[in-house]
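The values are calculated or read from the model by the stated rules, or taken from the named source; none is laboratory data. Note that the structure is a prediction, hence the values are computed from the model and not measured. So basically every Cβ, Gly included, is an ideal-geometry build from the backbone, and we count neighbours across all protein chains shown.
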Amino acid sequence: MLLEKLKTLTGIPAGQIPERLMVAFQEPQAYREIRGGAAGAAGLTDIETAWMIERANAVFGPYGLGWVLDWQVGDVVSAGEGRITVYVKRAEFRFTLIDGDGNERVVVCPTTGGSTNEPAYALKGMETSCIGNALSKLRFQEDVYKGKLSHRNAGQLLKGKGGRPPGASHRIRRYQGQKPEVSPDPGEDIVVQMGKHKGKKLSEIEMEAVRWYAHGMRPTSEAAHRLQMAAKHYLAGREESPARPGPSPALARTP
């Protein structure tokens, strides 16, 4: 099956996943210096967890729906006292793709990771390490791993005049700088052009899904942005009060 026919829950074609993951973060603070250990001695750069999770949600959809990290307790090893080292021998980063017929396909990326910290934080650090390792194989922040972008030069490269952050495609930059050409009329019952409910009108799907399109989805394309605007207008036309952002179980099964 062609990659263009498989899309993430946010409507991104499978073939564009690496491109979207590669795009540099606009905020230099997303890149921090690794302190301690061999990586710290080598002056390597790490990516702050909040930015990494934000990008994963934007590309694959909300955690638990579009992607998930799974590991078994029996595969976890810990050692030391006080500041302990925790690592997992095998974990799975899984994400959901939807084909042209609305069928879901789960992609499994084996991964591993570890962390040294206080007991309360070591396990969380282990999970973050696993997610980072899996995403790196999908070309997440590739310029950092190649040494082209780091905590030392991020401010200059990302804030420089007339410069383009490493990995940023012209298509993505154009989308960030403009709004959809046509805004839907208030209350317009448009046809959804992406995801699980592709081909259905907003009035034909669950209101929870419409609210998620309006307030929970993070648009990563012009089509997704247009859908979100339409969902907001649709709710406004029916005098719906904004719901608290959150994933809709109607959009996909847990991977």
- Residues of segment 1-34 satisfying the condition of being among the charged types (D, E, K, R) and closer than 22 Å to LEU158 by Cβ: GLU19, ARG20, GLU27, ARG32, GLU33
- Task: Return a yes/no flag: does segment 68-90 have any residue that is touching a residue at least 60 places away in the same chain (Cβ under 8 Å) and among the polar types (S, T, N, Q).
- Result: no
- May I ask you to list the residues in segment 90-112 that are under 22 Å from LEU3 (Cα atoms) and of a type in the set (Lys, Arg)? ARG94, ARG105
- Query: List pairs: first in segment 29-41 and on the phi > 0 side of the Ramachandran plot, second surrounded by 12 or more Cβ atoms within 10 Å (Cβ to Cβ) and at pLDDT 90 or above, Cβ under 9 Å, 6+ apart or cross-chain?
  - Reply: GLY36/THR116; GLY37/THR116
- Note on the structure: Scanning segment 64-98 residue by residue, those closer than 18 Å to ALA224 by Cβ and of a type outside the set (Val, Ile, Thr) turn out to be LEU65, GLY66, TRP67, PHE95, LEU97
- Can you name every residue in segment 6-33 that is within 14 Å of GLN141 (Cβ to Cβ), more than 13 Å from the chain's Cα centre (by Cα) and surrounded by fewer than 21 Cβ atoms within 10 Å (Cβ to Cβ)? GLN26, GLU27, PRO28, ARG32
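Report whether or not TRP67 is at pLDDT 95 or above, over 30 Å from GLN193 (Cα atoms) and under 20 Å from the mean Cα position of the chain (by Cα).
Working: at pLDDT 95 or above: yes; over 30 Å from GLN193 (Cα atoms): no; under 20 Å from the mean Cα position of the chain (by Cα): yes.
In short, no.
Quick one: which residue in ALA79, ALA50 is under 28 Å from GLY216 (Cβ atoms) and at pLDDT below 95? Please lay out each step first, then the result.
Values: ALA79 fails: under 28 Å from GLY216 (Cβ atoms).
Of ALA79, ALA50, the one residue that is under 28 Å from GLY216 (Cβ atoms) and at pLDDT below 95 is ALA50.
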- Query: Listed residues TYR87, TYR121, TYR63; which is closer than 30 Å to LYS5 by Cβ and not assigned by TED's automatic domain parsing to the domain that holds GLN228?
  - Reply: TYR63
- Message: Looking at ASP189 and the list (1) at pLDDT below 85; (2) in the same structural domain as LEU9 (by TED's automatic domain parsing), which single condition is not satisfied?
- Response: (2)
